[in-house]
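Engineer: Let me give you the structure first, and then I'll get to my questions.
The values are calculated or read from the model by the stated rules, or taken from the named source; none is laboratory data. A quick note: this is a predicted structure, and the numbers were derived from the prediction, not measured. Cβ: placed from backbone, ideal geometry, glycine included. Neighbour counts: every protein chain shown.
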Amino acid sequence: MDPATPIRDCRFAAIDFESAGAARGRTDVPVQVGAACWAPRNGLGDQLRSFLRSDQPITWSARKVHGIGADDLAGAPGLMELWPELRRLLGGAAVVAHGKGTEKRFLRAFPGHGFGPWIDTLLLARAAWPELEDHSLSSICAAHELDGKVRAAFPGGRWHDALYDSLGSVFVLAEVIRAFDLGDAPLGALVRPDTSAWHRLRHPR
């Protein structure tokens, strides 16, 4: 997607992975993926939520965070099996994630996928609201009264469910666009937000 495209004309696709947890001598792997599409003109669109088959056990610390156990993964597809659906959702969209490093790393399973540009709602939130003490997704949504929108979009969901977190990222993005009247701004304005005020508050000279 062209970074010069007005934000109001863009389509966004938020993605989140939950993982098995890092253990000594093992590479972390995803055990759940969620994605949610959104556009300023049309609101929420297609969504995806799937557990993922894993050849690694889920660590105790990871399960404590997301609550996913071995029983949830029984009969689940592997990540590669979801390629057609992920390509449909993410292709041609600006891809959104909160702390995008994990999501970009797990999507390397599809070499040359071409998804992007990437928008990191963690960086956006730090640029938009540098005064907040906590820029975790749940804290941002609480501070800006977005919790109800996330719950309404996924009744019965909870934080650290991959789809629930994807929806949280979507609503944070939407709030930044609304609060700062960015509809006519180019997409590129969201890709590299200015976090200098946040850094000054956290690291005063």
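Engineer: Answer yes if at least one residue in segment 126-147 is touching a helix residue (DSSP H, G or I) at 6+ places or on another chain (Cβ under 7 Å), aliphatic (A, V, I, L, M) and within 14 Å of TRP38 (Cα to Cα), and no otherwise.
Structural biologist: No, segment 126-147 has no match at all.
Engineer: Here is a further query. Would you call SER61 touching a Pro at 6+ places or on another chain (Cβ under 8 Å) and polar (S, T, N, Q)? I'd like the intermediate steps shown before the answer.
Structural biologist: Numbers: touching a Pro at 6+ places or on another chain (Cβ under 8 Å): no; polar (S, T, N, Q): yes.
Taking the combined requirement at face value, the residue does not satisfy it.
Engineer: Tally time: how many residues in segment 134-169 are surrounded by fewer than 16 Cβ atoms within 10 Å (Cβ to Cβ), closer than 14 Å to ARG49 by Cβ and of a type in the set (Gly, Ala, Ser)?
Structural biologist: Looking only at that region, the number is 1.
Engineer: Next question. If we only count helices (runs of 4 or more DSSP H) wholly inside segment 125-184, which ones have 1 or more residues that are modelled with pLDDT of 95 or more and aromatic (Phe, Trp, Tyr)? Please lay out each step first, then the result.
Structural biologist: Working: elements: 137-143, 147-153, 162-179.
Where helices (runs of 4 or more DSSP H) fall fully within segment 125-184 and carry at least 1 residues being modelled with pLDDT of 95 or more and aromatic (Phe, Trp, Tyr), they are 162-179.
Engineer: Go through (1) in contact with a helix residue (DSSP H, G or I) (Cβ under 9 Å, 6 or more places away or on another chain); (2) under 21 Å from MET1 (Cβ atoms) and name the single condition PRO57 misses.
Structural biologist: The number of the failed condition is (2).
Engineer: With VAL150, VAL65, VAL96 as the choices, which residue is over 25 Å from ASP28 (Cβ atoms) and β-branched (Val, Ile, Thr)?
Structural biologist: Working: VAL65 fails: over 25 Å from ASP28 (Cβ atoms); VAL96 fails: over 25 Å from ASP28 (Cβ atoms).
Matching residue, one of VAL150, VAL65, VAL96: VAL150.
Engineer: State which residue is surrounded by the fewest Cβ atoms within 10 Å (Cβ to Cβ) when the search covers only segment 3-28 and only residues that are among the hydrophobic types (A, V, I, L, M, F, W, C) and without any contact (Cβ under 8 Å) to a residue 60 or more places away in the chain. It would help to see each step written out before you state the result.
Structural biologist: Just the residues of segment 3-28 that are among the hydrophobic types (A, V, I, L, M, F, W, C), to begin with: 4, 7, 10, 12-15, 17, 20, 22-23.
Now drop any that are not without any contact (Cβ under 8 Å) to a residue 60 or more places away in the chain, which leaves 20, 22-23.
On the way: ALA20: 24, ALA22: 13, ALA23: 15.
Selected residue: ALA22.
Engineer: Sticking with this one: Please go through (1) at positive phi; (2) touching a His at 6+ places or on another chain (Cβ under 9 Å) for GLY92 and return the number of the only condition it doesn't satisfy.
Structural biologist: So the condition that GLY92 fails would be (2).
Engineer: Report whether or not PHE180 is more than 28 Å from ILE68 (Cβ to Cβ) and hydrophobic (A, V, I, L, M, F, W, C).
Structural biologist: Values: more than 28 Å from ILE68 (Cβ to Cβ): yes; hydrophobic (A, V, I, L, M, F, W, C): yes.
Here the answer is yes, as PHE180 does meet what is asked.
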